[in-house]
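The structure appears below as structure tokens.
The values are calculated or read from the model by the stated rules, or taken from the named source; none is laboratory data. Predicted model only: the values in this text are computed from it and were never measured. Counting neighbours? That spans all protein chains shown, and the Cβs are built from the backbone with ideal geometry, glycine included.
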Protein chains: 2
Amino acid sequence: MVVMAHHLINAPHRLFSLGTFVELLGAAKSTISEDLGFMRQAFDRFSLGKVETLAGAAGGVRYLPYHQRERIRTLVEDVCRRLRDPSRLLPGGFLYTADLISTPYVAAQFGEAFATFFEDSRPDVVLTMEVKGIPLALMTARAFDVPLVTIRRGAHPTDGPAVSVNYVSGSSRMVQAMTLPLRAIRQGARVLFIDDFLRGGGTARGVYDLMREFRAEVVGIGVLIETPLPREKMIDRYVSLIQFQGVNEQGEVLITPSRAILESAATR
Amino acid sequence: MVVMAHHLINAPHRLFSLGTFVELLGAAKSTISEDLGFMRQAFDRFSLGKVETLAGAAGGVRYLPYHQRERIRTLVEDVCRRLRDPSRLLPGGFLYTADLISTPYVAAQFGEAFATFFEDSRPDVVLTMEVKGIPLALMTARAFDVPLVTIRRGAHPTDGPAVSVNYVSGSSRMVQAMTLPLRAIRQGARVLFIDDFLRGGGTARGVYDLMREFRAEVVGIGVLIETPLPREKMIDRYVSLIQFQGVNEQGEVLITPSRAILESAATR
């Protein structure tokens, strides 16, 4: 049973046929099924995600690392507490977050949280913008068992022929270029965009433009931290986990779980 | 038992006290110990990594996702086969690798392979250079349960005060700057540098210079792909998994497992 658990947990979202385990373990199919039943119950009871069995010839079993909303809220509150540390404040009103969001265990938890929020969007690929969002996006891609694709600023000869679009960076109000290799995303792909920070939404707006060139569909946008200002964002629909309001007169960092977190935890 | 497996596998290298599981599962310590023994045997038998029990007051149990050398060789050979696809050749003699090394499952396997090679180096942090090596480095950091730190080109106001050093990019022979926030690495830290590509070793050389400024120690350098030329690298010791020799007159991509892979698989 632990061998099956190892395979399922190490490859979230991947479908394993029962035959794979029958062969690997030399056990009867009925035994395998029974053990998977026990595993499902144990994971349910301890809120460790779902073990899902799909019937039929193309069926099998897979592990979905979805979190309960209450658990996501606990994670977000814990991270907010750590981000409130005044020593994280940098010149210019920026907040130092790189260490936390690059800690693999934390990034993995956030990736699974995004996978939970976007459970129904069934992405074929997770897209991000270099650099700081990559760990979050990779871990989200891992939770969905889909590739990660990283948009870059400027052109890169080692990536081959590429498509560029211009976008207005929300914070600097400057026009910049974002580039993606032609072969990185296939036509018709369902794309989930994950980033670490959203202010004006200019980057996300650029992602819509870029995906139009690829004839791909943006099925969701998830960001770790957003700012309340500017109130008018350049995109309508996104999910944020944390809201960073800035610093008050006492020098305290104002950072809280976003409305999506507070509301979803209350209703579930 | 599957609940313990879930905790251990999802946080590789992290030490859990037996008391944690006693409390979580409401089982006797003897039962927990016995179950961990079964798990260790099962993981051994199916080569799924090690379950290690440490005795004493500061003791507990942890999961080390080390791979057998034979399994690493199989992984590397499979990836070489996929990289040999002529459609991956780009203008300028470059090889398109971004899709493969950004696939979470592949990156995780390589991360565990690096963790196996650098098992004895006990890093406190995994370091990489933006951008393409980040998935490999993050997954290596995950296997060691340590933070990932990413060196950037140029300065970034959102990261605060930073240290820069110049380095000679091996491919372009141009002098560039690499930057790391002052607070990113503490004095005396043991640093493992992981990157996707090594040609002349100029980047790795720069990493040594940068770490000297931080009074940190480079305990290992691992790269996914190296080229045989230039023969004289700017660093002495590193581990590469794949060697990319270029393209022959028939237009075939010449790419093979590195000597480290071939030798280690033969001797173990």
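Brief remarks follow.
- Taking segment B:69-91 as the range and being within 14 Å of chain A (Cβ to nearest Cβ) and not charged (D, E, K, R) as the test, the residues that pass are B:L75, B:L83, B:P86, B:S87, B:L89, B:L90, B:P91.
- Positions within segment B:149-184 being assigned to a loop (DSSP other than H, G, I, E, B) and either away from every other protein chain (no Cβ under 14 Å) or surrounded by 14 or more Cβ atoms within 10 Å (Cβ to Cβ) (or both), in sequence order: B:H156, B:G160, B:S169, B:G170, B:S171, B:R173
- Unmet criterion (only one of (1) of a type in the set (A, V, I, L, M); (2) under 30 Å from B:G251 (Cα atoms); (3) touching a Ser or Thr at 6+ places or on another chain (Cβ under 6 Å)) for B:L89: (3)
- Scan of segment A:229-251 for residues that are surrounded by 12 or more Cβ atoms within 10 Å (Cβ to Cβ) and either at negative phi or among the aromatic types (F, W, Y) (or both), ordered by number: A:K233, A:M234, A:I235, A:Y238, A:V239, A:S240, A:L241, A:I242, A:Q243, A:F244, A:Q245, A:V247
- Every pair of residues 6+ apart whose Cβ atoms lie under 6 Å, when the first sits in segment A:119-145 and is at the interface with another protein chain (Cβ under 8 Å from one of its Cβ atoms) and within 14 Å of A:R190 (Cα to Cα) while the second is modelled with pLDDT of 95 or more and in a helix (DSSP H, G or I): A:A141/B:P104
- Going through (1) surrounded by fewer than 19 Cβ atoms within 10 Å (Cβ to Cβ); (2) in a helix (DSSP H, G or I); (3) basic (K, R) one by one, B:R73 falls short only on (1).
- Unique residue being in contact (Cβ under 8 Å) with a residue 60 or more places away in the chain, of a type outside the set (D, E, K, R), out of contact with any Pro (no Cβ under 9 Å at 6 or more places or on another chain) and closer than 19 Å to A:T179 by Cβ when the list is A:V207, A:V239: A:V207
- Those residues of segment A:109-130 which are in contact with a helix residue (DSSP H, G or I) (Cβ under 8 Å, 6 or more places away or on another chain), more than 24 Å from A:R152 (Cβ to Cβ) and not β-branched (V, I, T), in sequence order: A:Q109, A:E112, A:A113, A:A115, A:F117
- Enumeration of residues in segment A:103-131 that are farther than 25 Å from A:L210 by Cβ and assigned to a loop (DSSP other than H, G, I, E, B): A:T103
- Candidates are the residues of segment B:185-200 that are over 17 Å from B:K132 (Cβ atoms) and under 19 Å from the mean Cα position of the chain (by Cα); the one that is surrounded by the fewest Cβ atoms within 10 Å (Cβ to Cβ) is B:R190.
- The number of residues in segment A:42-60 being out of contact with any strand residue (DSSP E or B) (no Cβ under 8 Å at 6 or more places or on another chain) and either crowded, with 18+ Cβ neighbours inside 10 Å or farther than 30 Å from B:L24 by Cα (or both) comes to 6.
- Residue selected from segment B:10-41 under the condition of a type in the set (F, W, Y) and assigned to a helix (DSSP H, G or I), by the criterion surrounded by the fewest Cβ atoms within 10 Å (Cβ to Cβ): B:F38
- Members of segment B:107-118 that are at the interface with another protein chain (Cβ under 9 Å from one of its Cβ atoms) and surrounded by fewer than 24 Cβ atoms within 10 Å (Cβ to Cβ): B:A108
- In the condition set (1) within 13 Å of chain A (Cβ to nearest Cβ); (2) over 30 Å from B:L180 (Cβ atoms), B:F94 is compliant with all but (2).
- Segment B:29-56, residues that are within 14 Å of B:M4 (Cα to Cα) and either touching a residue at least 24 places away in the same chain (Cβ under 8 Å) or more than 30 Å from the chain's Cα centre (by Cα) (or both): B:K29, B:T31, B:I32, B:S33, B:E34, B:D35, B:L36, B:F38, B:M39, B:V51
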